[in-house]
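The values are calculated or read from the model by the stated rules, or taken from the named source; none is laboratory data. Values in this document were obtained by computation on a predicted structure and should not be read as measured data. In this analysis, Cβ positions are derived from the backbone assuming ideal geometry, glycine residues included, and neighbour counts consider all displayed protein chains.
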Amino acid sequence: MPLLRDYIAEHERATNFGGEAVRAIDRGDLRRARHLLGETATELASHWQGEETGLFRVMAREEMFAEHIAPLMREHHELAELLATVDISKPEGQQAIRTAMSDLYEHISKEEDGLFPASLTSLSGDEWDAAMDAWHEAHQGRRIIQG
Ligand SMILES: [Fe+2]
Ligand SMILES: [Fe+2]
């Protein structure tokens with residue numbers, strides 16, 4: 001499913017940026033770390049918009065999925081808030097980023113090993129169309145790569 005493949009590629013880009021940011025913090029290169037955290041935030045903003053207004057919205061119509069989706073959305077908002085406000089010149093801020101990046105791995109595995117496979121067997125054609133429309137809305141000027 002091309003949409004899921006794109007989401008997985010976005011996860012990879014976000015965790016690459018985030019992981020590099022942590023390594024930059026570890027070696028004291030805060031300028032580089034700030035840049036990389038900005039890239040992480042940008043990648044995640046369109047990714048989250050696509051998930052929340054598309055795939056998650058159609059899946060959340062089923063109560064069984066809704067109860068898994070609500071905490072995932074909370075995690076999006078918490079990480080967005082942290083990335084927007086964190087001060088990495090302070091040790092607490094640096095630690096918050098390390099924790100957030102390992103939490104992000106867990107978040108992603110709940111999607112890739114749980115929700116995404118479940119979507120494959122539960123969404124109708126119309127629901128996939130709605131999920132893909134939301135992805136395009138969130139990624140202006142880009143197309144899902146088919147095939
Ligand atoms: Fe997510
Ligand atoms: Fe995701």
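Show the residue pairs meeting these rules: Cβ distance below 6 Å; 6+ apart or different chains; first residue within segment 42-69 and over 16 Å from residue 140 (Cβ atoms) and away from ligand 2 (no atom under 14 Å from the Cβ); second residue assigned to a helix (DSSP H, G or I) and modelled with pLDDT under 95.
Between residues of segment 42-69 that are over 16 Å from residue 140 (Cβ atoms) and away from ligand 2 (no atom under 14 Å from the Cβ) and residues that are assigned to a helix (DSSP H, G or I) and modelled with pLDDT under 95, there is no close pair.
From the list 103, 87, which one is within 16 Å of ligand 2 (Cβ to nearest atom) and either of a type outside the set (Lys, Arg) or modelled with pLDDT of 95 or more (or both)? Break it down into steps so the answer makes sense when it comes.
Values: 87 fails: within 16 Å of ligand 2 (Cβ to nearest atom).
So the residue among 103, 87 that is within 16 Å of ligand 2 (Cβ to nearest atom) and either of a type outside the set (Lys, Arg) or modelled with pLDDT of 95 or more (or both) is 103.
Between residues in segment 110-125 that are over 13 Å from residue 72 (Cβ atoms) and of a type in the set (A, V, I, L, M, F, W, C) and residues that are outside any helix (DSSP H, G or I) and modelled with pLDDT under 95, which pairs lie under 7 Å by C-beta distance while being six or more apart or on different chains?
Listed pairs, sorted by first residue: 120/1.
Does segment 96-111 contain at least one residue that is over 17 Å from the mean Cα position of the chain (by Cα), under 19 Å from residue 15 (Cβ atoms) and part of a helix (DSSP H, G or I)?
Checking segment 96-111: at least one residue is over 17 Å from the mean Cα position of the chain (by Cα), under 19 Å from residue 15 (Cβ atoms) and part of a helix (DSSP H, G or I).
Do you know which of the residues in segment 23-52 that are among the charged types (D, E, K, R) and either surrounded by 21 or more Cβ atoms within 10 Å (Cβ to Cβ) or within 16 Å of ligand 1 (Cβ to nearest atom) (or both) is nearest to residue 135 (Cα to Cα)?
Here is the first cut: in segment 23-52, the residues among the charged types (D, E, K, R) are 23, 26-27, 29, 31-32, 34, 39, 43, 51-52.
Subset that is either surrounded by 21 or more Cβ atoms within 10 Å (Cβ to Cβ) or within 16 Å of ligand 1 (Cβ to nearest atom) (or both): 43, 51-52.
Working: 43: 13, 51: 7, 52: 10 Å.
The qualifying residue nearest to residue 135 (Cα to Cα) is 51.
Which of the following residues is among the charged types (D, E, K, R), modelled with pLDDT of 95 or more and in contact with a Lys or Arg (Cβ under 9 Å, 6 or more places away or on another chain): 63, 127? Reasoning before the result, please.
Values: 63 fails: in contact with a Lys or Arg (Cβ under 9 Å, 6 or more places away or on another chain).
None of the others qualify; the one that does is 127.
In this structure, is residue 20 crowded, with 16+ Cβ neighbours inside 10 Å, in a helix (DSSP H, G or I) and within 16 Å of ligand 2 (Cβ to nearest atom)? Steps first, answer last, please.
Working: crowded, with 16+ Cβ neighbours inside 10 Å: yes; in a helix (DSSP H, G or I): yes; within 16 Å of ligand 2 (Cβ to nearest atom): no.
So residue 20 does not fit the description; no.
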